[in-house]
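Here is the structure we will look at.
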Amino acid sequence: MATYRPNVAAILMDATGKILVAERIDFKGSWQFPQGGVDKGEDLIGALRREVEEELGLKPWLYQMVACRTGYRYKFPNGKVKKRLYCGQVQTYFLCRYLGTDADIVLDSHKQEFISVKWIEPKDFSLKWVPAFKRRVFLKVFLDFFRVRL
């Protein structure tokens, strides 16, 4: 029986209140937060640190976790099942205060997943940047963390 894969996502916020979004290398025009699945034997914070380092090249001392919310869930489209186990993902989002600079962000320190990053006001995030099956989660995340209705 298929279940939901645990997943973590990092919302990095700078001192001005802007958040970092990253454009996927494989889907031009698709912007998201650094995120990924929780590996077997890994806790949520360990997964968050690993994903942020893999995707942005950031060491844990360059950001501080300030808030966490969980239970965001979506199914993969068209009944797709990944790794023969997962019909979707259940996500935990971490809001993190970013302490570094743009120079600290290295997109190709591991297998590169993003082509570029930018800092935006939360209200400027566009739902057009994410696939339709994930939009409900993004609506809830922006309302929960920023009281912003996209």
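The values are calculated or read from the model by the stated rules, or taken from the named source; none is laboratory data. Computed from a prediction, not measured in an experiment: that's the story for all the values here. When we count neighbours, we look across all protein chains shown, and the Cβ atoms used for this are built from the backbone with ideal geometry, even at glycine.
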>> Residue under question is VAL52, and the condition is that it be within 18 Å of ASP108 (Cβ to Cβ) and either modelled with pLDDT under 95 or out of contact with any Asp or Glu (no Cβ under 6 Å at 6 or more places or on another chain) (or both); does it hold?
In response: yes
>> Among the residues in region 42-49, are any among the basic types (Lys, Arg) and either in contact with a Ser or Thr (Cβ under 9 Å, 6 or more places away or on another chain) or surrounded by fewer than 17 Cβ atoms within 10 Å (Cβ to Cβ) (or both)?
In response: no
> Any residue in region 44-56 that is touching a strand residue (DSSP E or B) at 6+ places or on another chain (Cβ under 8 Å) and assigned to a strand (DSSP E or B)?
Replying inline: no
>> Quick check on region 3-10. Is at least one of its residues basic (Lys, Arg) and either part of a strand (DSSP E or B) or surrounded by 21 or more Cβ atoms within 10 Å (Cβ to Cβ) (or both)?
In response: yes
>> Please return the ranges of strands (runs of 3 or more DSSP E) entirely within region 61-131 where 1 or more residues are under 14 Å from LEU48 (Cα atoms).
In response: 63-75, 86-98
